[in-house]
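Structure first, then comments.
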Amino acid sequence: ILNVEQSPQSLHVQEGDSTNFTCSFPSSNFYALHWYRWETAKSPEALFVMTLNGDEKKKGRISATLNTKEGYSYLYIKGSQPEDSATYLCASHRGGAQKLVFGQGTRLTINP
Amino acid sequence: NAGVTQTPKFQVLKTGQSMTLQCAQDMNHEYMSWYRQDPGMGLRLIHYSVGAGITDQGEVPNGYNVSRSTTEDFPLRLLSAAPSQTSVYFCASRAGTDYNEQFFGPGTRLTVL
């Protein structure tokens with residue numbers, strides 16, 4: 001995989017349901033994997049920075065896992081709320097640590 | 001702390017005009033970068049800097065120049081604007097290591113006619 005890819009591109013979830021989505025990234029020369037939450041008309045805000053294979057991070061109802069050997073990360077949201085509606089971006093360092101390359105994002109909509 | 005600030009918030013240019021997008025941060029971050037955001041394309045890295053006096057190209061550098069004379073400021077220059085540069089531009093900064101989160105500015109929406 002040469003690029004950072006996210007799936008699905010969009011997701012509609014009923015309020016109260018749990019959901020998850022995927023970020024795939026080049027596993028060679030891995031440095032770090034970032035997750036960002038991006039609300040409409042605002043700037044992206046950092047959720048997690050993950051570095052070690054097997055890492056699990058949690059912030060409230062949101063958690064993430066990391067598999068650096070196979071090059072993927074999952075983001076989980078438990079008990080979705082309307083305020084969780086946003087685009088979730090992942091980004092990986094590629095070609096040297098300075099370049100942070102973003103995926104296209106997963107747009108999550110929570111239906112009340 | 002104001003964090004990362006960008007000016008202007010909105011700008012309309014005619015093809016061929018030049019302008020500078022301003023970015024400043026007050027967190028003493030070594031690393032600063034510029035991204036553009038286009039529908040269906042995500043955030044693409046234009047240029048970045050790892051410290052004052054040091055800049056390098058990202059994924060889509062053509063048509064843009066940058067300089068980093070101070071730690072705080074990282075302006076992005078469009079020398080001759082083209083309609084293809086219509087986009088939303090985000091500046092970001094982070095502390096020196098790769099494992100630190102990036103902080104984004106509020107963005108500049110640029111339209112080139």
The protein assembly as shown, Kirkwood Rh and Cα Rg, ratio Rg/Rh at 0.97
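Pick out, in residue order, every one of the GluC sites (Glu not before Pro) in the range A:11-46 that is DSSP loop and has at most 15 other C-beta atoms within 10 Å; say none if there are none.
Answer by residue number: A:GLU15, A:GLU39.
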Chain A: antiparallel bridges as % of DSSP beta bridges, rounded to 5, reads 90
Between B:GLU59 and residues 5 or more places away or on another chain, the pairs with built amide H atoms under 5 Å apart involve B:LEU45, B:ILE46
Note, A:GLY54: beta-carbon cut-off 12 Å, +1 each Lys/Arg, -1 each Asp/Glu, net -1
B:SER84 neighbourhood, Cβ < 15 Å, K/R = +1, D/E = -1, net charge +1
Chain A: relative contact order from alpha carbon pairs under 8 Å, six or more residues apart, as a whole percent, is 37
With +1 at each Lys and Arg Cβ and -1 at each Asp and Glu Cβ, the charge dipole magnitude of chain A around its Cα centre, to the nearest 20 debye, comes out at 260
Placing +1 on each Lys and Arg Cβ and -1 on each Asp and Glu Cβ in the protein assembly as shown, then taking the dipole about the Cα centre, the residue among B:TRP34, A:PHE21, B:SER93 whose Cα reaches farthest towards the positive end is B:TRP34
Between B:ASN65 and A:GLN81, Cβ-based FRET efficiency (R0 41 Å, step 0.05) works out to 0.40
One finds, for B:ASN1 and A:SER7 with R0 = 35 angstrom and r their Cβ-Cβ distance, a FRET efficiency to the nearest 0.05 of 0.45
Listed by chain and number, the lysines with an alpha carbon less than 22 angstrom from that of A:LYS58, same-chain partners under 8 positions apart left out, are A:LYS69, A:LYS78
Taking a crude spin-label model, label points 7 Å out from Cα along the C-beta direction, the A:THR22 to B:VAL12 distance in nm is 4.5
The convex hull of the Cα atoms of chain B, divided by residue count, gives a volume in Å³ per residue of 92
On the formula 1/(1 + (r/R0)^6), with r taken between the Cβ atoms of A:THR40 and B:GLN57 and R0 of 30 Å, the FRET efficiency rounded to 0.05 is 0.50
Computed for the protein assembly as shown: size of charge dipole around the Cα centre, +1 on C-beta of each Lys and Arg, -1 on C-beta of each Asp and Glu, debye to nearest 20, value 340
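Every number in this text was worked out from the coordinates using simple rules, so none of it is lab data. Note that this is a predicted model, so its numbers are computed, not measured. Glycine gets a Cβ as well: all are built from the backbone with ideal geometry, and neighbour counts include every protein chain shown.
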